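Structure record follows, encoded as structure tokens.
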Amino acid sequence: MKKVKLNFLYNTAYQILIIITPLITAPYIARIFGATIYGNASYSNSVLNIFNLFAAYGIMTFGQKQIARYQDDERNTKESFWSIMYLKLFLTLVVISAFTIYYLFFANPLYKSYYIMSSSVLFATLTDISWLFMGLEKFSYTFWRNFFVRLFFVGMVFVVIQEKGDVFKYIFLMYLGNTLGNLALWFRALKFVGKPKRIKILKIKEYFLEATWLFLPTIAITVYLTIDQVILGYLTSKKEVGYFVQADSIVRILSTLVTSLGTVLMPRIANLFQKNKMEQIDSIVKRSYDVMLYISIPITLVMIFVGQRFVIFFYGVSFYNSGMVLIIEILTIPVVVISNVIGIQYLVPLNRTKEFSMSTMFGAVANIMILPVLAVLMKSSGAALALLITELIVTGMQLYFVKNTINIWIFLKQDRSVYSGIILMLFVLILSVISIRIPNDFAFIVMVSTVAVSTYFFTTLYLKNSTAILVINTLKGVFKK
């Protein structure tokens, strides 16, 4: 498990890097380009991302799982890698053809120059083989690649982008760094996969069908996230959409951090399944759930109490209404923990992708049906509540699918030390919010969060909670190095 801990740290560090980079560059870029030019660039990127969605086609998750299955089988690893790459090449060529038709006959002339620059994202996706190293559980390779790519991008933005006319340079830089980073990984990859293998049409067809079941949830999630904003804007106002989007972005960042362990464990579980080691899989799933839930509890409770002032500090007083949206939607994090453990860490690596896809697609349909009613009644807060209900439906379906193979009571039963920590933390949070009168929002958030999280952690540690002890031992191992 030492390797898993290290990979978890690498993946978490990368997620933090993703969060920090826009915080550094976004204010500078916004001031240089202004709302109109920046909006044009963002719009063109969003259109290309739709095409790119089909070029990616669920290969990241499928490739990671497939490589993980054959970690110890060099011949099958090589065959799987090149079959997946041929599939990616085929999909990319189809998407480029579709994009060319759109560009020539349907694209708005105003955005054509933006589209040409943004289309480089397709080449970046084609050359991305990070799934190979994730499947081999070599997360350090992808972390350092991404670290230097982001460092290159941030540095070049401040050096190259100086005036409004540099917008095309900005778009080019966004994808140049990724492409160069991807190509750098190829030099390492050839050591594991060797030279290209002969094309096997039947194998590519088989992989296409398997990847489709992982692509459908991506489409479903993308659709209902986009539809949420469209329906909310149509039934209420664009201002309400703004409230929802800003709060939603915070929750998604926190959710990604909490569930980053799932990305690390999926290849390990896929490999164990190939070896038919089901007892080890059950043990890892239980431990993963304990760790992720342990982390999600303080994040959720703290944000409920400081969410309103956090939104004001982060976005300004004009986004005051985003506070209630954040408070409602933050409740999805513990629910997402369960669905991540069952879906990403259990159903996907155990080749039960159809059930995983069905739960996600059913959730998307339910969301579209629920949202209009709640949006009319509660506006942007209704959209957040619709998301919460959707996540509960998805998780409920997944629990139903695994009821005969997993003891679902593990998702309800927790160590007494966790309950004790929660009760004490709630007491501290309520007392802090009532008694602390700090006008500065940032100081208030830091003080309340620090006191509450420390109370939770040290209470569970004192009561010998296994996850708290694991955190301490992991940190000791990092600092010893």
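Under the condition of being under 17 Å from residue 63 (Cα atoms) and β-branched (Val, Ile, Thr), the residues counted in the range 202-237 number 3. If you scan the range 68-118, which residues turn out to be open to solvent by 30 Å² or more (accessible area, probe 1.4 Å), touching a residue at least 60 places away in the same chain (Cβ under 8 Å) and of a type in the set (S, T, N, Q)? If the condition is that a residue be open to solvent by 30 Å² or more (accessible area, probe 1.4 Å), touching a residue at least 60 places away in the same chain (Cβ under 8 Å) and of a type in the set (S, T, N, Q), then 71 is the only one that fits. Cβ separations smaller than 6 Å between residues 6+ apart or across chains give the following pairs from the range 123-134 residues that are in contact (Cβ under 8 Å) with a residue 60 or more places away in the chain to residues that are among the hydroxyl-bearing types (Ser, Thr, Tyr) and assigned to a helix (DSSP H, G or I): 126/92; 130/142. Considering only residues in the range 142-182 that are in contact with a helix residue (DSSP H, G or I) (Cβ under 6 Å, 6 or more places away or on another chain) and open to solvent by 50 Å² or more (accessible area, probe 1.4 Å), the one that is farthest from residue 29 (Cα to Cα) turns out to be 178.
Is there a residue in the range 12-24 that is more than 16 Å from the chain's Cα centre (by Cα), over 20 Å from residue 256 (Cα atoms) and not acidic (Asp, Glu)? I'd like the intermediate steps shown before the answer.
The initial filter retains those residues of the range 12-24 that are more than 16 Å from the chain's Cα centre (by Cα), namely 23-24.
Within this subset, residues satisfying the condition of being over 20 Å from residue 256 (Cα atoms) are none.
No: the range 12-24 contains no residue that is more than 16 Å from the chain's Cα centre (by Cα), over 20 Å from residue 256 (Cα atoms) and not acidic (Asp, Glu).
Look at the range 324-335: where a residue is within 13 Å of residue 308 (Cα to Cα) and a partner is open to solvent by 30 Å² or more (accessible area, probe 1.4 Å), sitting 6+ places away or on another chain with Cβ atoms under 6 Å, you get 327/304; 328/385. The set of residues in the range 238-257 being open to solvent by 40 Å² or more (accessible area, probe 1.4 Å) and touching a residue at least 24 places away in the same chain (Cβ under 8 Å) consists of 246, 253, 256, 257.
Exactly one of (1) surrounded by fewer than 18 Cβ atoms within 10 Å (Cβ to Cβ); (2) closer than 30 Å to residue 443 by Cα; (3) aliphatic (A, V, I, L, M) is unmet by residue 408. Its number? Evaluating residue 408 over (1) surrounded by fewer than 18 Cβ atoms within 10 Å (Cβ to Cβ); (2) closer than 30 Å to residue 443 by Cα; (3) aliphatic (A, V, I, L, M) leaves (2) as the failure.
Only residues that are at pLDDT 80 or above and farther than 17 Å from residue 308 by Cα were counted across the range 229-251, and they come to 9.
Criterion applied to 62, 54, 143 was being assigned to a helix (DSSP H, G or I), in contact (Cβ under 8 Å) with a residue 40 or more places away in the chain and farther than 22 Å from residue 201 by Cβ, and the one residue passing it is 143. For residue 59, the conditions (1) open to solvent by less than 20 Å² (accessible area, probe 1.4 Å); (2) farther than 13 Å from residue 211 by Cα; (3) within 20 Å of the chain's Cα centre (by Cα); (4) among the β-branched types (Val, Ile, Thr) are fulfilled apart from (2). Residues that are charged (D, E, K, R), over 23 Å from the mean Cα position of the chain (by Cα), in a helix (DSSP H, G or I) and surrounded by fewer than 17 Cβ atoms within 10 Å (Cβ to Cβ) do occur in the range 193-205, at least one of them. For first residues located in the range 369-380 and free of Cβ contacts under 8 Å to residues at least 12 places away in the same chain, partners that are surrounded by 15 or more Cβ atoms within 10 Å (Cβ to Cβ) and lie 6+ apart or on another chain with Cβ distances below 7 Å form the pairs 378/385. If you go through the range 219-231 and pick out every residue that is open to solvent by 50 Å² or more (accessible area, probe 1.4 Å) and either touching a residue at least 12 places away in the same chain (Cβ under 8 Å) or hydroxyl-bearing (Ser, Thr, Tyr) (or both), you end up with 6.
Results for (1) open to solvent by 10 Å² or more (accessible area, probe 1.4 Å); (2) of a type in the set (D, E, K, R), shown as yes or no for each residue.
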site: 371; (1), (2): no, no
site: 374; (1), (2): yes, no
site: 389; (1), (2): yes, no
site: 393; (1), (2): yes, no
site: 403; (1), (2): yes, yes
site: 418; (1), (2): no, no
site: 424; (1), (2): yes, no
site: 452; (1), (2): no, no
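Report whether or not residue 346 is crowded, with 22+ Cβ neighbours inside 10 Å and either in contact (Cβ under 8 Å) with a residue 24 or more places away in the chain or charged (D, E, K, R) (or both). Break it down stepwise before answering.
Values: crowded, with 22+ Cβ neighbours inside 10 Å: yes; either in contact (Cβ under 8 Å) with a residue 24 or more places away in the chain or charged (D, E, K, R) (or both): yes.
Judged against the criteria, residue 346 is a match.
Among helices (runs of 4 or more DSSP H) entirely within the range 392-481, having at least 3 residues that are modelled with pLDDT under 75 and either among the aromatic types (Phe, Trp, Tyr) or farther than 27 Å from residue 283 by Cα (or both) singles out 416-435.
Residue by residue, here is whether (1) touching a Pro at 6+ places or on another chain (Cβ under 9 Å); (2) at pLDDT 85 or above holds:
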residue: 264; (1), (2): no, no
residue: 270; (1), (2): yes, no
residue: 290; (1), (2): no, yes
residue: 295; (1), (2): no, yes
residue: 300; (1), (2): yes, yes
residue: 306; (1), (2): no, yes
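For the range 82-91, indicate whether the set of residues that are among the small types (Gly, Ala, Ser) and either assigned to a loop (DSSP other than H, G, I, E, B) or modelled with pLDDT under 90 (or both) is non-empty. No; the residues of the range 82-91 include none that is among the small types (Gly, Ala, Ser) and either assigned to a loop (DSSP other than H, G, I, E, B) or modelled with pLDDT under 90 (or both).
The values are calculated or read from the model by the stated rules, or taken from the named source; none is laboratory data. Not measured: the values here are computed from a predicted model. Neighbour counts run over all protein chains shown; Cβ positions are idealised from the backbone, glycine included. The area values use the complete protein model at the heavy-atom level, side chains included, leaving out ligands, DNA and RNA. Shrake-Rupley method; radii C 1.70, N 1.55, O 1.52, S 1.80 Å.
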